[in-house]
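I am attaching a structure below and will ask some questions about it afterwards.
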Amino acid sequence: MTERQRLRWALAVVSSVIVVGVVGYVVIEGLSPIDALYETVITISTVGFEEPAGGLTDAGKLFTVILVLMGVGAVFYSAAVVLEVFIDEMVGGRRRLRREEKMIAKLQGHTIVCGYGRVGTSVAQRLVAHDVDVVVVDDDDERITNARDDGFVTVRGNAIQEDVLTAAALERARVLVACVHSDSDNLSIVLSARVRKPELYIVARASDLEAERRIKMAGANRVITPPEVGAERIAALVLDTGLTEFVDIATGGMLLEYRFEEMEITPGSELAGKTLAESQLRTRVGATVLAVRHADGRVTANPSPIMPLRAQDVLVAIGTAEQLEQLQKLM
């Protein structure tokens, strides 16, 4: 249980005790809600006890004893939790901030994910699953806490501000993902990052096609529109049920994570001098070679199995991350 959850639980316990006390005094002693609240608060806070006119009934006295035992314990527990959270925020928070700053200072070629909402959470977790270093940037305390609980290095602040991106080591980053909720904020983040680092690869989120057009103009390399992606997926389910069901079975319902990569054959590679058929790449690693770019600039698409591979040829291959990693080792 996180500190915030413990704090909410403690406050919920105290609130419940107060509600029970008010209802009990109203029902048992016939007090008005205001008088019942007053009696409850002064009882559980140990400020002092003042019986209503005429004193309490036997049932009221027994109820008060129970209320004192419950209420005093709940109040002291809540006070301890509040004090612990306060101390942690003052001392532990600074220590955590310094630790994160040291971790960011060591990063090189990492990915900055701006926004840890539903989309940002999914993006960050998928990247980490592929051993990509990620820094999460968000200006919401709860989302930052969630990101830290998930094991991410974080920067608290609005990514529109230059000092926030600086704290996330923008100058050493390889990729920036702008997926905050507001299209205008995503546009500002993209524009600021592109100006500061022209070679940065930027992927952004947009809510509609008009926002996609503007964010591309601001400098994003790729812009994803979740509604459009969802619509394409639904259309695929309707138009090509057989293929889609096969893909779901083959991938366990997960999105296909095939990707394209270009890899150069080095002079010392075992592939140099062999034909595609002799290399048996499809059998050995599972990746598929779609094209070969030769050292003289020529490109051979859908290469023949008997085409020889030479040093400095660049293979354009498609496969999963694991398959492409195995292919890279052979190159």
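State which residue is surrounded by the most Cβ atoms within 10 Å (Cβ to Cβ) when the search covers only the range 99-131 and only residues that are without any contact (Cβ under 8 Å) to a residue 40 or more places away in the chain and assigned to a loop (DSSP other than H, G, I, E, B).
Residue satisfying both the conditions and the ranking: TYR116.
Quick check, is LEU237 modelled with pLDDT under 90, touching a Phe, Trp or Tyr at 6+ places or on another chain (Cβ under 9 Å) and open to solvent by 40 Å² or more (accessible area, probe 1.4 Å)? Even if it seems obvious, please write down each step before you answer.
Numbers: modelled with pLDDT under 90: yes; touching a Phe, Trp or Tyr at 6+ places or on another chain (Cβ under 9 Å): no; open to solvent by 40 Å² or more (accessible area, probe 1.4 Å): yes.
Here the answer is no, as LEU237 does not meet what is asked.
The rows are residues; the columns are (1) loosely packed, with under 14 Cβ neighbours inside 10 Å; (2) modelled with pLDDT under 75; (3) touching a strand residue (DSSP E or B) at 6+ places or on another chain (Cβ under 7 Å).
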{"position": "GLY60", "(1), (2), (3)": "no, no, no"}
{"position": "PHE63", "(1), (2), (3)": "no, no, no"}
{"position": "LEU69", "(1), (2), (3)": "yes, no, no"}
{"position": "SER78", "(1), (2), (3)": "no, no, no"}
{"position": "LEU83", "(1), (2), (3)": "yes, no, no"}
{"position": "ILE87", "(1), (2), (3)": "yes, yes, no"}
{"position": "VAL91", "(1), (2), (3)": "yes, yes, no"}
{"position": "ARG95", "(1), (2), (3)": "yes, yes, no"}
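What is the number of the single condition among (1) open to solvent by less than 70 Å² (accessible area, probe 1.4 Å); (2) part of a helix (DSSP H, G or I); (3) not charged (D, E, K, R) that GLN328 does not meet?
Result: GLN328 passes all but (1).
Further, regarding this structure: Checking the condition over 30 Å from VAL155 (Cβ atoms), in contact with a Pro (Cβ under 9 Å, 6 or more places away or on another chain), at pLDDT below 90 and open to solvent by 20 Å² or more (accessible area, probe 1.4 Å), which residue from GLU29, GLU39 passes?
Residue meeting the stated conditions: GLU29.
Kindly evaluate VAL292 against the criterion of being assigned to a strand (DSSP E or B) and under 26 Å from ARG126 (Cβ atoms).
no
The values are calculated or read from the model by the stated rules, or taken from the named source; none is laboratory data. Computed from a prediction, not measured in an experiment: that's the story for all the values here. With ideal geometry, Cβ positions are generated from the backbone for all residues, glycine too; neighbour counts draw on all protein chains shown. Ligands, DNA and RNA are excluded from the accessible area calculation, which covers all protein heavy atoms including side chains. Shrake-Rupley method; radii C 1.70, N 1.55, O 1.52, S 1.80 Å.
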